[in-house]
1. When residues of the stretch 114-154 are filtered for being of a type in the set (Lys, Arg) and farther than 22 Å from ALA102 by Cβ, how many remain?
2. Being β-branched (Val, Ile, Thr), in a helix (DSSP H, G or I), under 17 Å from the mean Cα position of the chain (by Cα) and closer than 17 Å to ALA46 by Cβ narrows it down to one residue among VAL122, VAL108, VAL117; which is it?
3. State which residue is surrounded by the most Cβ atoms within 10 Å (Cβ to Cβ) when the search covers only the stretch 51-89 and only residues that are hydroxyl-bearing (Ser, Thr, Tyr) and over 22 Å from THR11 (Cβ atoms).
4. If the Cβ limit is 7 Å and pairs must be 6+ apart or interchain, which residue in the stretch 45-59 that is charged (D, E, K, R) pairs with which residue that is assigned to a strand (DSSP E or B)?
5. Return the residue satisfying two criteria in turn: it lies in the stretch 2-33 and is surrounded by 15 or more Cβ atoms within 10 Å (Cβ to Cβ) and farther than 25 Å from THR98 by Cα, and of such residues it is modelled with the lowest pLDDT.
6. Need pairs with beta-carbon distance below 8 Å; first residue among the β-branched types (Val, Ile, Thr) and within the stretch 25-39, second exposed (fewer than 14 other Cβ atoms within 10 Å of the Cβ) and part of a helix (DSSP H, G or I); sequence gap 6+ or separate chains.
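The values are calculated or read from the model by the stated rules, or taken from the named source; none is laboratory data. Since we're looking at a predicted model, the values are computed, not measured. Please note: Cβ atoms are built from the backbone with ideal geometry, for glycine as well, and neighbour counts cover all protein chains shown.
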Amino acid sequence: MSDAARTPDRTIAVLLAGGRSRRMGRCKQTLPWSRGGRATTVIAAAYDTVASVADEVVVTVGHHATGIIAALEGRTTTVVEVDPDGSMLDSARAGIRTALAADAARIVLHLSDHPAVTTTTVRHLLDAAEDADYVHPRLGDRGGHPVILSNAIASCILEAPLPDGLRSARDLPGFRIRAVDLDDPGVQVDLDTLEDWRGATPPK
């Protein structure tokens, strides 16, 4: 891409949906969900949250690729196939690599089984990322998702040894890390099991 064609402030969302959903016993991303009172799916709700603030959305898919793509119902996305038996870090790196190749200045890294996060929350995190490299939400004494990555720390994540997965990126030297305290329970709504899904409350 020529310098004239580059977008200097490009935000790309990476939505991780490459796992096998073993604990759920079925594809979690295609489960029904409600967004603003409208019936949709878990993956579509997570997509809509990040798509509202991003110039492009990248979705990593693995074992359940066909069902996940169908559940997105024609939403515009760049699909990246990953090893369904790989780690979440492997999936994240594949998505990050694709986002960086598309000239992302910042990356909204989100999990496809976190459909209850509000768009307002993502906007707050992006505002905090103006002067930070790794921004994550915090509710009480616990963290959550999504996280915002600068181009610089995202590039480092591709090659750096991260023994504790993405969480280890907070320990990379020379980067500005920020936790943002937010009153959004959705940042911690993680649908790993059917009980999680049945007990979750979609945002109003």
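1. As a first pass, look at the stretch 114-154 and keep what is of a type in the set (Lys, Arg): 123, 138, 142.
Checking the rest, the ones that are also farther than 22 Å from ALA102 by Cβ come to 138, 142.
The total comes to 2.
2. Working: VAL108 fails: in a helix (DSSP H, G or I); VAL117 fails: in a helix (DSSP H, G or I).
Within the list VAL122, VAL108, VAL117, the selection yields VAL122.
3. SER87
4. Filtered contacts from the stretch 45-59: ASP48/ARG35; ASP55/THR11; ASP55/ILE12; GLU56/ILE12; GLU56/THR78.
5. MET24
6. That search, which allows pairs on different chains as well, returns THR30/ALA70.
Results for (1) closer than 18 Å to ALA179 by Cβ; (2) out of contact with any strand residue (DSSP E or B) (no Cβ under 7 Å at 6 or more places or on another chain); (3) aliphatic (A, V, I, L, M); (4) modelled with pLDDT under 95, shown as yes or no for each residue.
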{"site": "ARG93", "(1), (2), (3), (4)": "no, yes, no, no"}
{"site": "LEU109", "(1), (2), (3), (4)": "yes, no, yes, no"}
{"site": "HIS114", "(1), (2), (3), (4)": "yes, yes, no, yes"}
{"site": "LEU126", "(1), (2), (3), (4)": "yes, no, yes, no"}
{"site": "ALA132", "(1), (2), (3), (4)": "yes, no, yes, no"}
